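Shown next, in structure tokens, is the structure this report addresses.
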Amino acid sequence: MPQNQYNPYAFKPSAKHEIMRWVYSGLVCLLLPLLLIVLLYRLATGSNTFGARVKERYGWLPKVQNQGGILLHCVSVGEVVAAASLIKHIRLQHPDMPVTITTTTPTGKDQVQQIFGDTVTHLFLPYDTPLAMRLLLRRVKPKKVLITEVELWPNLIHLAWKKRIPVHIINARMTDRSCRSYGKLHLLFVPMLRKLSSICAQGSKDFENYQTLGAQPEQLVLTNNIKFDLALSEKDKQDIATFKQAFNTQQRLVLIGGSTHDPEEEALLTTYTILKQSFPSLLLVLVPRHPQRFEKVEQLIQKQNIHYSKLSETEHLSETTEVVLADKMGLLKSLYGIANIAFVGGSIAKRGGHNALEPALLRVPVIMGEHTYNNPAICQALEAQGALKIVGDTQQLTQQVQYWLSHTGEAKQAGLAGENVISTNRGAIEATALTIGA
């Protein structure tokens, strides 16, 4: 694959484009007081999860000791996990390259620290005002800016372009719905796209939608989805072995609900309640997507009069434990490693569905709801090979879990099919690294 030859600095935005960008910037600035009110409310109610570092969202950034290198922006946990493989690949070639990772959520920050420790710098991405983004670039002084999936921030991209810092969208995603939304603001988003050095599309539909929005053919490269390059770390393997012993999985059947949202925990609890009579060794593991929901999910379990344990307080499960609430972050992939069947959340809830490849990597058959628009190509590939089953409601969820618990041979084949989908679609990491010149 030849390195991309597109020259973003030859692009000359029109006066209309510049006026539209300043209108956008003004609207963002007008929203800042409202955001501050929300912040003060969260501080008053004790629900502020950013802690003292919330000021970074307004541009008050600390000094960055290791400047230069790569500035990588990820929204939250899923994007951090996916991009981590690319950063590790780059560091094999450039072990001393500084890396600064920005996120917009505290859970994303926690994931960065868990994967990289103090080997990278973490910052919260400021709101997209000209001043805040100028301060970010001044603090970090990056040689390259990498943005994951669909985090298109006009001021960040414009200011990097003005400083001739290449900006690359990696694992670029553009759903039909997002394409229609961005298309309504073409005076803002078309010039922003033209300022990008490359767009590494994760699928053919994403490639086509970026073209529809006005990206140039020379900018676009179909690298496929870097999530297919998922691998188990040594820590993952150690955690899986620990959980197998702690959960006594030789004697239990395990159904896991990963990255769940409301009302998915309730659906899984209903499924469990119906099936536990036929499968008395069945154990349900619930892993809510957001830590602020741990308490609410615990209350939901308590209402069911079910014997449960919290992962944070348990080293070894008793035989009477029926449900485990995973109230610790960063362990989902390892928990998938002990499961017989996995439900991947955000899919009955209308959140677009989370990463189905993590359980597939571990040969676990996958169930999801109908809302899988965040990763359509991944879900289509898994479903086509029988590794993923789509359900419409709680009744269908129960039926599919019951079927795989009763037909263990078919469940095993579904798990193997998922692993095969991953192995045949690998290669996006190398293609992306080549495209961005890393």
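The values are calculated or read from the model by the stated rules, or taken from the named source; none is laboratory data. Because the structure is predicted, anything quoted here is derived from the model rather than measured. Note that we place each Cβ from the backbone using ideal geometry, even for glycine, and neighbour counts take in every protein chain shown. When the accessible area is computed, the model is the full protein with side chains, heavy atoms only, and any ligands, DNA or RNA have been set aside. Shrake-Rupley method; radii C 1.70, N 1.55, O 1.52, S 1.80 Å.
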Practice task
Taking the chain as the reference, fit the longest principal axis to its C-alpha atoms, fit the long axis of helix 106-116 to the helix C-alpha atoms, and give the angle between the two in degrees, 0 to 90, nearest 10.
Solution key: 90
Fill in the blank from the handout: For V254, other-chain or 5+-apart residues with amide H closer than 5 Å (H placed, Pro excluded) are L283, N340, I341
Problem - Relative contact order [Cα under 8 Å, 6+ residues apart], the chain, whole percent - result: 15
Handout entry: 5 angstrom amide H check on Q385, placed H, neighbours 5+ away
Key = none
Handout entry: Accessible surface, per residue, of the chain when the full set of protein chains is kept, probe 1.4 Å, Å²
Key = 45
Practice task
Calculate, in nm to one decimal, what Q216 and D176 gain on full extension: separation in residues at 0.36 nm each, minus their alpha carbon distance.
Solution key: 12.6 nm
Problem - Karplus 3J(HN,Hα) series, Hz, for region 245-261 with 6.51 cos²θ - 1.76 cosθ + 1.60 (x for Gly, Pro) - result: 6, 5, 8, 6, 5, 5, 10, 10, 9, 10, 9, 10, x, x, 6, 7, 10
Practice task
Tell me the Kirkwood hydrodynamic radius of region 324-438 in angstroms, computed as one over the mean inverse distance between distinct C-alpha pairs.
Solution key: 14.8
Handout entry: Cα-Cα over 18 Å, subset of K109/K141; K163/K195; K109/K328
Key = K109/K141
Completion exercise
Candidates L362, L382, L300; GNM for the chain (alpha-carbon contacts under 10 Å) flags as most fluctuating L300
Exercise for the section: Specify the angular offset, from 0 to 90 degrees and rounded to the nearest 10, of the alpha carbon long axis of helix 77-93 from the longest principal axis of the alpha carbons in the chain. Expected result: 70
Practice task
Report relative contact order for region 304-438 in percent, whole number only (criteria: Cα-Cα under 8 Å, sequence separation at least 6).
Solution key: 19
Problem - Helix-derived mean residue ellipticity, 222 nm - over the chain, DSSP H n ≥ 4, -39500 (n - 2.57), to 500 - result: -14000 deg cm²/dmol
Practice task
For the chain, find the longest principal axis of its Cα atoms and tell me its angle to the long axis of helix 294-303, 0 to 90°, nearest 10.
Solution key: 20
Problem - Where labels lie 7 Å past Cα in the beta-carbon direction, separation of N420 and L131 in nm - result: 5.9
Practice task
Just reorder R363, R426 by solvent-accessible area, largest first, 1.4 Å probe, all chains present.
Solution key: R363, R426
Exercise for the section: Could you calculate the contour length gain from V38 to A15, that is, 0.36 nm times the residue separation minus the distance between their Cα atoms, to one decimal place in nm? Expected result: 4.8 nm
Handout entry: Three-way shape call for region 230-331 based on the alpha-carbon gyration tensor, with the a/c threshold at 1.5
Key = oblate
Completion exercise
Reported to the nearest 10 Å², I436 has, with a 1.4 Å probe, an accessible area equal to 10
Handout entry: Positive-end residue, region 103-209 charge dipole about Cα centroid, Cβ charges, pick of V150, T121, L131
Key = L131
Completion exercise
XL table K235/K310; K16/K144; K55/K144; K237/K276; K205/K227; K63/K88; Cα-Cα > 19 Å flagged, in table order, is K235/K310; K16/K144; K55/K144; K237/K276; K63/K88
Practice task
Would you tell me the accessible area of E430, worked out with a 1.4 angstrom probe on the heavy atoms of the protein chains, in Å² to the nearest 10?
Solution key: 130
Handout entry: Whole-number percent relative contact order across region 4-143, with pairs defined as alpha carbons under 8 Å at least 6 apart
Key = 31
Exercise for the section: Calculate what fraction, in whole %, of the accessible area of the chain sits on carbon and sulfur atoms when a 1.4 Å probe is rolled over the protein chains. Expected result: 52
